[in-house]
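*Asks:* My structure is below; once you've seen it, I'll send some questions.
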Amino acid sequence: MALVASPERTLADRIAVPLSCLVLTCSTAITIARASMVVDGTRYFWLDDDQMVAMRYARNLADGLGLVWNAGERVEGYTSLGWTLIMSAVHRLPLTDASTSLAVKIVALALACWVLVLADRLLRMFAALGGLARLAVVLTLALGADLIFWTANGFETPLVTVVFLIGLIHVLEDVERDTPRASTYFWIGALPIARSDAYYLVASLLVVAVLLHRNRTSLSRLAWFVCVLPTLQFGFRYAYYGDWLPNTYYLKVSGTPDLARRGAHYLKAFVEAYAAPLVVVAAAFGRNGDRRVRAIAVSAIFAAVYVLSVGNDMYQYFRFLAPWVPVLIVLAAATAHDLGHGDARITATLAALVLVVTTINVGVHSRESLWWMRSGNGLPRCALVAGLIVRDYTPPTTTIAVHAAGTAPYFSRRPALDLLGKTDAHIAHEPVRAPGRTAHGKFDYDYSLSRQPDLLLTSLPRDFPPPDPGVDPGAYTWALLRHPLFVDQYKNQPVPLEYLLDACTVYVRRSSPLLQTIDQWKMPRLSN
C-alpha cells in the first residue's frame, strides 16, 4: 500500500524512529542492568523465570540433547517454538551461561526496535501525520511498559508483535493492490510458531483480509497457505511429544475454574489503561471514515474472546494484547487526524491528549520505575545463587525439585523435577487444587516427593510461618509445608547458608548422600 505523504519532511520526521529506538534502548538497558548480579567476580544475567525454562530447552537442543527440559524426557513446556529456536541459536555462540541471557535480551531489543519501525510504517499508511505528531506516536510506544517490560525480561512478545504487524501491513498492501500474495499468509501462519496460542491473532488478520478484499476468489485460494506452518508444528508436536497441544495448555487452561471472570477483569484493566486511544478509535464507527480502521477494530473481537476463554495472565502488563498496542496507538492517531479534518491544530490537540494520557497510564513510570521493571517471578536473584551453589557442590547426577522451574535448573545444570507442572505432563493433567494465581494451582506432592529428589529448592524463607487455619490450605506453599513426605524427609535438613535461609531455603533429603557434605558448602562472593 502506498504510504500517505506528509506535507513536508521535517527534522522531527527524520529523527522519529531513530530517537525512539534510542529511548527504548536506554530504558531497556536500565532494566537489564537491574536483572543481573556479580557472583565470584562474574556478572550473570537472567530472563524472567518462565523464559529461563525455554532457555534450558534451547541449551539442550544446542548441546544435541533434543528439544527437552531434562535429557530423555519429552514434554513441551515452552510457549514459543520460534523464540526457543532463536534462543538455541544464541547458545551456539561462544558464550557462557552467565551471558547467554544478555544475548537473548539484545535480540529481543532488536525486535522491539523493529516494532517501532513497523508501527511508523503503519502510521504512514493511514494518515499524513508528520513532524512532532509522528514523533510523539512512535515515542509513546517506545516509552510504553508493554514494550519495555517484555523486551527487558526476555519474553517472546516482541517477536509475536513483529510477525503480527508484518502480517497486518502485508494484508493492507494486498488490499490496495487488490492482489493477495501467498507470502502474506505464510507470515500470518507464522504467528503460532512465534507463540503457540496466537491463533486469535491469525483469526483477526484473516477477518481483516476478508472484510477488505474485493478479490475474494484469489483470497480463498491463497488463504490456505496460512495452514502450512501450523500444520507442520502440530505434526512435529505429536510426533515428538506425543500430544496435540502444548503442556502449558493443560496446566493453565484445562480444568481451571472462573476463566471468563478472570478474563473479564483482565480486559477491564486493559480498557482502563488504554482508555484514551480506545475512545478515539471508537469514534471512527460513527463516521464515514476509513473502512480499514473499522475492519481492524472489528477483528479485535477475537482477542477479547481469547482472553475470556483462557483467563488472566500472571504478569502486571498485557502480554496477550501487547501485539495490538502499536495498532491501537496508530489507529488512534489516524482517527484524531480524521476527526480534525486535516487541521493541524485540532489534530495535534487530539493526538497529544491521547498520547499523554496513554503514557501516564501505561508508560514506564505508570506503576513502577525503570529500576524496578525487572521481573521478580521466581525470586531470580536467589534462584541464581542457589543454582550456582548446587552446580559447584553436587555431582551431575543430583536431582533437584523446584517451584520456579527456570533460573535455578538452568544455572545448576542438574536433572530437575518441576513441582508445579510446567514441564511435567503428569502434574499438568491433574485437577486444579488451589484456584488463584495462574499456573500455580496444580501440584501433586505425593507424586513429586516420592521420586526422591536429592534437593528441594523452594521460594520460601526458613522461618516461613506454619499453616494458618485462616489461609487456604490448598495453596501450593502451605500444601508443601504440611505434606508428610516433606516433614519427614526434608524439613529438618536445610542447607545451612544464611543467604538461602533468608529467602529461598534449599532442603536436602534425609537419605541423600549430599547430607554428609552440606556443612562444606560455601557462599560465593556476591555484589551488584
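*Asks:* Which condition does VAL228 not pass, out of (1) within 22 Å of the chain's Cα centre (by Cα); (2) in a helix (DSSP H, G or I); (3) within 26 Å of TYR78 (Cα to Cα); (4) hydrophobic (A, V, I, L, M, F, W, C), if it passes all the others?
*Replies:* (1)
*Asks:* Right, another one. For residues in the range 339-368 being over 19 Å from LEU143 (Cα atoms) and out of contact with any helix residue (DSSP H, G or I) (no Cβ under 7 Å at 6 or more places or on another chain), which is modelled with the lowest pLDDT?
*Replies:* So, considering only residues that are over 19 Å from LEU143 (Cα atoms) and out of contact with any helix residue (DSSP H, G or I) (no Cβ under 7 Å at 6 or more places or on another chain), the one modelled with the lowest pLDDT is GLY342.
*Asks:* Limited to the range 375-403, what total is found for residues that are under 16 Å from LEU47 (Cβ atoms) and surrounded by fewer than 17 Cβ atoms within 10 Å (Cβ to Cβ)?
*Replies:* The qualifying residues number 1.
*Asks:* Then there's this: So in the range 214-230, with the set limited to residues that are among the polar types (S, T, N, Q) and surrounded by 12 or more Cβ atoms within 10 Å (Cβ to Cβ), which one is modelled with the highest pLDDT?
*Replies:* Only one residue fits best here, namely SER220.
*Asks:* Let me ask something else. Can you find even one residue in the range 88-98 that is in contact with a helix residue (DSSP H, G or I) (Cβ under 6 Å, 6 or more places away or on another chain) and closer than 24 Å to ASP313 by Cα?
*Replies:* no
*Asks:* Considering only the range 34-53, state which residues are more than 18 Å from ILE389 (Cβ to Cβ), part of a helix (DSSP H, G or I) and touching a Gly at 6+ places or on another chain (Cβ under 8 Å).
*Replies:* Across the range 34-53, the qualifying residues are ASP50, GLN51, VAL53.
*Asks:* Consider the range 294-335. How many of its residues are closer than 19 Å to ALA136 by Cα and in a loop (DSSP other than H, G, I, E, B)?
*Replies:* The qualifying residues number 0.
*Asks:* Sticking with this structure for a sec: Which helices (runs of 4 or more DSSP H) does the range 90-194 wholly contain that include 2 or more residues that are without any contact (Cβ under 8 Å) to a residue 12 or more places away in the chain?
*Replies:* So the answer is 97-126.
*Asks:* Also: If you take the residues in the range 40-84 that are under 16 Å from the mean Cα position of the chain (by Cα) and among the polar types (S, T, N, Q), which one is nearest to LYS105 (Cα to Cα)?
*Replies:* Once the filter is applied, the top-ranked residue is GLN51.
*Asks:* Continuing with the same structure: So which pairs qualify, if the first residue must be in the range 306-318 and more than 25 Å from ARG374 (Cβ to Cβ), the second must be assigned to a loop (DSSP other than H, G, I, E, B) and modelled with pLDDT of 90 or more, the Cβ gap must be under 7 Å, and the two must be at least 6 apart or on different chains?
*Replies:* TYR306/PHE320; VAL307/PHE320
*Asks:* May I pose another question? If you go through the range 238-293, how many residues are farther than 30 Å from LEU211 by Cα, in contact (Cβ under 8 Å) with a residue 12 or more places away in the chain and not in a helix (DSSP H, G or I)?
*Replies:* So the answer is 9.
*Asks:* OK, next. Just a yes or no: is a residue in the range 70-78 within 16 Å of PHE236 (Cβ to Cβ), of a type outside the set (D, E, K, R) and free of Cβ contacts under 8 Å to residues at least 24 places away in the same chain?
*Replies:* no
The values are calculated or read from the model by the stated rules, or taken from the named source; none is laboratory data. If you're wondering where the values come from, they're calculated on a predicted model, not measured in any experiment. Because the Cβ atoms are built from the backbone with ideal geometry, glycine has one as well, and the counts that use them run over all protein chains shown.
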